[in-house]
Amino acid sequence: MDLKWNEFIITGDPLILGAQISILLGGIAVVAALTYFKKWSWLWKEWLTSVDHKKLGIMYILSALLMLFRGGIDGLMIRTQLAKPGMEFLDPQHYNEVFSTHGVIMILFMAMPFLIGLINYIVPLQIGARDVAFPYLNNLSFWTFFVGMALFNISFIIGGSPDAGWTGYTPLATNEFSPGPGQNYYLLAIQIAGIGTLMTGINFFVTILKMRTKGMTLMKMSMFTWTSLITMLIIIFAFPVLTVALAMQTFDRLFGSVLFTLQGDGNPMLWVNLFWVWGHPEVYIVILPAFGIFSEIISTFARKQLFAYKAMVVSIVTISVLSFLVWVHHFFTMGNSAEANSFFSITTMAISIPTGVKIFNWLFTMYRGRITFTTPMLWSLAFIPNFVIGGVTGVMLAMAAADYQYHNTYFLVSHFHYVLISGTVFACFAGLIYWYPKMFGHKLNEKIGKWAFWIFVIGFNVCFFPQYFLGLDGMPRRISTYLPEDGWTGLNMISTIGAFMMGLAFLIFVYNIYYSWRYSPREKTGDAWGLGRNLEWATTSSIPPHYNFAVLPEVTGLDPYWDMKEKGLDQQKNTDYKPIHMPSNSSTPAIMSALMGMAAFGLVFQWYWVGIVGAVGIFITMIVRSFDYNDGYYVSVEEIKETEAKANK
Amino acid sequence: MSQQTKKGHFPWKHIIGFLISIALTLVAFATALWTDWSSTTIFIIILIFAVIQAALQLVMFMHMTEGEDGGLISGNTLFGFFIAIVIIVGTYWLMTSGHMHMGMSM
């Protein structure tokens, strides 16, 4: 690929120039601050090389919040461009890039890491474990995700962003119609991050199956752990499909194969098919943990055991099977046979049944409960009606014949924002606020949190509800502008106002993090809300010590911590300490992932020597790792006593 | 290690598995050598015997169903096969039916 330097670094767009300058200044500020406060070694030793699931969880969540900001800015740019007919805020090319990156970032670099971050932090605590099954792999998962994310994000200042939609459909995404490095960034960045996700899937699947504490049978696990287990199962079976499909398209673009092209015997529709074979299970990967979070919160603040726990388990297991049987509903109009469309139409309607079961479970959990209206509970309550709106429109879209009318319109856009925002994003906020004292030792301010909640939820409905009507009015998605005669102006304007309300709510949420860090009272016990039901609340201090439990708890029933409190048992009274075996930190994952980033960056621009050097480097780090005989260290009984004594003060 | 060998019983399971494996191999061999069926038919028959034999090996010799995780491993393996079949059959069905296939050189 022959690029001039001014094509390599994107120039000439004032918005991108602004971003470049702010990234440069931000980078200099971070480096300067770390150097001034002499924090480099602290950052490297305590965080970046850490194998502690809690620290990795926090790093995932911080990255996800950063990406929520970036993806949110993309969303606001889209809405600004569409506020009025004939706006000249973004040119069509830039608009295509913005909606493509908005989709990829929100799904793969925001929703997934946010949920994986919460799972990382909470699941080992809930099953009474000291860490995950493969702590080294956990750090490597984080770094591959991070490098994939970084690679994807530099595309808009170096070389140009992908512009073929978040689905990267061929033939549009082939070299013929999308020349340049943009689509290569998409393929390689998602490839690297996807490998990390697959490793997370294996890691947590094994962790949940093999590392549960004494007495915790599968049917005594918390609902969040259950949904995480099933999510990991879906990841293990769905992500390989993505890996292969991405590799095939990469071969098409870099090495001239003709798998998805229009020339030769290529079949562009095969990409669409393979993308959604992964893509539909992916939807459940981001919604199931969200269901788990809501189950935890609703049961905690209604002070009741989750209604029909077994029915809930059966319905998520059913979803894990059905989620692989519905993918065609994403391309009903591609020209499938009537039999195929009918089959997938029926399976799609069938999958709404287990989801409907859950809605009733949550409602009956609250029925006759003594509900406390805390911020996480408010997010969970708002989820139910909003998600039902998204679900009902989903069943409308599931009817293949009717879908010919809805497809590719704003009706669809509104549907998936309703399910993904009120499902996943509400759950991320709810989960973060609920477990915030567990992570940082203090709660987020409730008053500011409620402001953020109301502005966000109202803004969300103002933004997306009108889009159903825009869709029924025939407004297609992915258009950069429209005419006044189309009659879409008013609703679009309302929608844009709603989008900016959500942006404001996000800023208030971030301000709340700062405000609470300064002023919130520090928690003195492990059970910050006083209503905790599962083992994550059974730790001595609000932030668990790095070994989590001085003595591993024993489980006798569902909601084990609640059970202990009812029986008057005190986990902390057990001082029969023994030395604890913990894994050592490692610096190879960060280096290995950086080399992956280097190799991928070389491939993006088809500088094969960079790619080869990076690939050789990856193998060298793997060899170095193979000769690493460090199998962890022991925490002495004295150290445990000291830590526990400090925690109880 | 299975329960039977631990107690010192005769390893019937292994013997039976071994005999069935030999029988399956011989039948497949005979089909290929001494029948005049079309090569497609022979191929399908051999394939079926191969799948049966693979399952036999996993259960009889590799103790897939035994131990505390036996059910789990078997369940996950079956689920894996199920997903693989769904993806392959589904994709083939979609790519060869409807008006999709008209533009293809298949």
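Quick check on my filter: what residues within region A:241-266 are out of contact with any Phe, Trp or Tyr (no Cβ under 7 Å at 6 or more places or on another chain), within 11 Å of chain B (Cβ to nearest Cβ) and part of a loop (DSSP other than H, G, I, E, B)? Those that are out of contact with any Phe, Trp or Tyr (no Cβ under 7 Å at 6 or more places or on another chain), within 11 Å of chain B (Cβ to nearest Cβ) and part of a loop (DSSP other than H, G, I, E, B): A:Leu262, A:Gly264, A:Asp265.
Residues that are within 14 Å of chain B (Cβ to nearest Cβ) and either touching a residue at least 40 places away in the same chain (Cβ under 8 Å) or surrounded by fewer than 24 Cβ atoms within 10 Å (Cβ to Cβ) (or both) within region A:230-240 comprise A:Ile230, A:Leu233, A:Ile234, A:Ile235, A:Ile236, A:Phe237, A:Ala238, A:Phe239, A:Pro240, listed in sequence order. Name the residues in region A:95-129 that are open to solvent by less than 20 Å² (accessible area, probe 1.4 Å) and within 30 Å of A:Asp486 (Cα to Cα), would you? Of everything in region A:95-129, those that are open to solvent by less than 20 Å² (accessible area, probe 1.4 Å) and within 30 Å of A:Asp486 (Cα to Cα) turn out to be A:Tyr95, A:Val98, A:Ser100, A:Thr101, A:Gly103, A:Val104.
Among the residues examined, A:Pro181 qualifies as crowded, with 24+ Cβ neighbours inside 10 Å and in contact with a strand residue (DSSP E or B) (Cβ under 9 Å, 6 or more places away or on another chain). When restricted to residues that are assigned to a loop (DSSP other than H, G, I, E, B) and under 11 Å from A:Ala83 (Cα atoms), region A:483-514 contains 1. Of the residues making up region A:79-89, those that are part of a helix (DSSP H, G or I) and open to solvent by less than 20 Å² (accessible area, probe 1.4 Å) are A:Arg79, A:Gln81, A:Leu82. A:Ser480 meets all of the listed conditions (1) polar (S, T, N, Q); (2) at pLDDT 90 or above; (3) in a helix (DSSP H, G or I) but one, namely (3). The single condition from (1) open to solvent by less than 30 Å² (accessible area, probe 1.4 Å); (2) in a loop (DSSP other than H, G, I, E, B) that A:Asn175 fails is (1). Checked against (1) closer than 26 Å to A:Asn96 by Cβ; (2) assigned to a helix (DSSP H, G or I); (3) among the small types (Gly, Ala, Ser), A:Ser161 passes all but condition (2).
A:Trp166 falls short on exactly one of the conditions (1) within 24 Å of A:Met106 (Cα to Cα); (2) open to solvent by less than 10 Å² (accessible area, probe 1.4 Å), and that condition is (2). If the condition is being surrounded by 19 or more Cβ atoms within 10 Å (Cβ to Cβ) and among the basic types (Lys, Arg), then region A:516-554 contributes only A:Arg533. Of the residues screened, B:Phe18 is one that is away from chain A (no Cβ under 14 Å) and open to solvent by 90 Å² or more (accessible area, probe 1.4 Å). Within region A:552-580, residues that are in the same structural domain as A:Pro124 (by the TED database) have Cβ atoms under 8 Å from residues that are open to solvent by 40 Å² or more (accessible area, probe 1.4 Å) and among the small types (Gly, Ala, Ser) in these pairs: A:Pro579/A:Ser636, counting only partners at least 6 apart in sequence or on another chain.
Just one residue in the set B:Ile73, B:Ile87 is closer than 15 Å to A:Val241 by Cβ and either open to solvent by 30 Å² or more (accessible area, probe 1.4 Å) or within 10 Å of chain A (Cβ to nearest Cβ) (or both); that residue is B:Ile87. Condition check for A:Met377 on (1) of a type outside the set (D, E, K, R); (2) within 14 Å of chain B (Cβ to nearest Cβ); (3) touching a Phe, Trp or Tyr at 6+ places or on another chain (Cβ under 6 Å): one failure, at (2). When the residues of region A:253-269 are filtered to those that are under 30 Å from A:Leu233 (Cα atoms) and in contact (Cβ under 8 Å) with a residue 40 or more places away in the chain, which remaining residue is least open to solvent (accessible area, probe 1.4 Å)? Checked region A:253-269; the qualifying residue least open to solvent (accessible area, probe 1.4 Å) is A:Phe260. Scanning region A:334-343 for residues that are within 11 Å of chain B (Cβ to nearest Cβ) and hydroxyl-bearing (Ser, Thr, Tyr) yields one hit, A:Ser337.
Surrounded by 14 or more Cβ atoms within 10 Å (Cβ to Cβ), touching a Gly at 6+ places or on another chain (Cβ under 9 Å) and in a loop (DSSP other than H, G, I, E, B): which single residue out of B:Met60, B:Met64 fits that description? When all the criteria are applied, what remains is B:Met64.
Of all positions in region A:42-54, none carries a residue that is aromatic (Phe, Trp, Tyr) and over 23 Å from A:Phe145 (Cβ atoms). Could we say that A:Asp570 is acidic (Asp, Glu), closer than 22 Å to A:Asp131 by Cβ and open to solvent by 20 Å² or more (accessible area, probe 1.4 Å) here? It is false that A:Asp570 is acidic (Asp, Glu), closer than 22 Å to A:Asp131 by Cβ and open to solvent by 20 Å² or more (accessible area, probe 1.4 Å).
Screening A:Leu125 against (1) more than 30 Å from A:Lys220 (Cα to Cα); (2) touching a residue at least 40 places away in the same chain (Cβ under 8 Å); (3) among the hydrophobic types (A, V, I, L, M, F, W, C) leaves a single unmet condition, (1). Number of residues in region A:415-441 that are surrounded by fewer than 24 Cβ atoms within 10 Å (Cβ to Cβ) and small (Gly, Ala, Ser): the value is 1. Taking region A:268-370 as the region of interest, the helices (runs of 4 or more DSSP H) fully inside it that hold 3 or more residues being more than 23 Å from the chain's Cα centre (by Cα), in the same structural domain as A:Ala238 (by the TED database) and over 30 Å from B:Ile85 (Cα atoms) are A:268-301, A:338-366. Out of A:Ser41, A:Ser63, one residue alone is open to solvent by less than 40 Å² (accessible area, probe 1.4 Å) and among the hydroxyl-bearing types (Ser, Thr, Tyr). It is A:Ser63. Exactly one residue out of A:Val635, A:Val616, A:Val610, A:Val604 is under 29 Å from A:Pro544 (Cβ atoms) and aliphatic (A, V, I, L, M), and it is A:Val635.
The combined condition, being in a loop (DSSP other than H, G, I, E, B), of a type in the set (Val, Ile, Thr) and within 27 Å of A:Gln183 (Cβ to Cβ), is fulfilled by A:Thr11.
Residues that are without any contact (Cβ under 8 Å) to a residue 40 or more places away in the chain and of a type in the set (Val, Ile, Thr) were ranked within region A:315-333; the one that is farthest from A:Leu233 (Cα to Cα) is A:Thr318.
Look at (1) more than 14 Å from chain B (Cβ to nearest Cβ); (2) closer than 30 Å to A:Trp537 by Cα and you find that A:Leu218 fails only one, number (1).
The values are calculated or read from the model by the stated rules, or taken from the named source; none is laboratory data. All values reported here derive from a predicted model rather than from experimental measurement. Cβ sites come from the backbone with ideal geometry, for glycine too, and all protein chains shown count toward neighbours. When the accessible area is computed, the model is the full protein with side chains, heavy atoms only, and any ligands, DNA or RNA have been set aside. Shrake-Rupley method; radii C 1.70, N 1.55, O 1.52, S 1.80 Å.
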